[in-house]
Every structure is written in C-alpha cells, then in structure tokens.
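Each remark here refers to the structure printed beneath this line.
The values are calculated or read from the model by the stated rules, or taken from the named source; none is laboratory data. Because the structure is a prediction, the values reported are computed rather than measured. Glycine also receives a Cβ, built like all others from the backbone with ideal geometry; neighbour counts cover every protein chain displayed. The accessibility values were calculated without ligands, DNA or RNA, using every heavy atom of the protein model including side chains. Shrake-Rupley method; radii C 1.70, N 1.55, O 1.52, S 1.80 Å.
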Amino acid sequence: MNHAELKAKIIELLEDNHANDICFMLNMGHHEVLKIVHEIYRDGGLMESQYWESEYVGTNTGADLWGIYGKDRAGEYIDANGDYLGFDTEEEANKYIQEEIK
C-alpha cells in the first residue's frame, strides 16, 4: 500500500477508532501511524491553536500531568514526530499550544 492509500485507509479508520487502535488494526508501528495522523490533522486544518486546549490527565502515581486535547472532537494532540505530549503544568501546555501549534 503506498502512502496515499495508507493515509486514506487511516482517515477511514479514524472515523470509528482511536489512533492507537489503528496501529494494531494495520499491524504497523505506533509512531508510523501517529505521524500520518498528525499529517491528516494538519491537512484538515486542525493544526491551529484554536482547536486545542490543555486538560489535566494526572497519572496513576498521583503526579500532575497535563495533555493537549481537541476542543470539539475526541483526540489527543500528536506532534510531527508521532508523539503524544505531556506537561508538568497547565501553563506549560497552554504555552506550547500558543507557540508551537500553528
């Protein structure tokens, strides 16, 4: 499957599945799929700060952890490297949204 076909398949699967599940469904590496999801978000105009907000997620150890999530749709922000991001404070997360997501 070439890149365009793979991207189309991932777009189709994103309608009903979380990006992490798609990795298993397609038997592909986690970062490989998440990089394409980032590309899909970018191509769809969703890589602008207005679509994202910080959200407290905590940890099972009780530590503070903040993530970046879509305002009007389910989904955690994925950077160009295919990584989810975590921040120690809400301020750090908000700063990243304003300065890095454009």
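Quick notes on this one:
- For residue 53: the one exception among (1) touching a helix residue (DSSP H, G or I) at 6+ places or on another chain (Cβ under 8 Å); (2) assigned to a helix (DSSP H, G or I): (2)
Yes or no, residue by residue, for (1) in contact with a His (Cβ under 6 Å, 6 or more places away or on another chain); (2) closer than 22 Å to residue 21 by Cβ; (3) surrounded by fewer than 16 Cβ atoms within 10 Å (Cβ to Cβ); (4) at pLDDT 90 or above:
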position	(1), (2), (3), (4)
78	yes, yes, no, no
87	no, no, no, yes
97	no, no, no, yes
101	no, no, no, no
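- Some residue of the range 18-27 being of a type in the set (Asp, Glu) and exposed (fewer than 12 other Cβ atoms within 10 Å of the Cβ): no
- If the condition is being of a type in the set (A, V, I, L, M, F, W, C) and part of a helix (DSSP H, G or I), then the range 8-30 contributes 8, 10, 11, 13, 14, 19, 22, 23, 24, 25.
- Condition met for residue 82 (surrounded by 13 or more Cβ atoms within 10 Å (Cβ to Cβ) and closer than 30 Å to residue 1 by Cα): yes
- Every condition in (1) in a strand (DSSP E or B); (2) open to solvent by 60 Å² or more (accessible area, probe 1.4 Å); (3) of a type outside the set (Phe, Trp, Tyr) is met by residue 5 except one, and the failing one is (1).
- Counted residues, the range 38-76 - those being modelled with pLDDT under 90, small (Gly, Ala, Ser) and over 21 Å from residue 23 (Cβ atoms): 5
For every residue, the table says whether it meets (1) more than 14 Å from the chain's Cα centre (by Cα); (2) part of a loop (DSSP other than H, G, I, E, B).
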{"position": "32", "(1), (2)": "no, no"}
{"position": "41", "(1), (2)": "no, no"}
{"position": "63", "(1), (2)": "yes, yes"}
{"position": "72", "(1), (2)": "no, yes"}
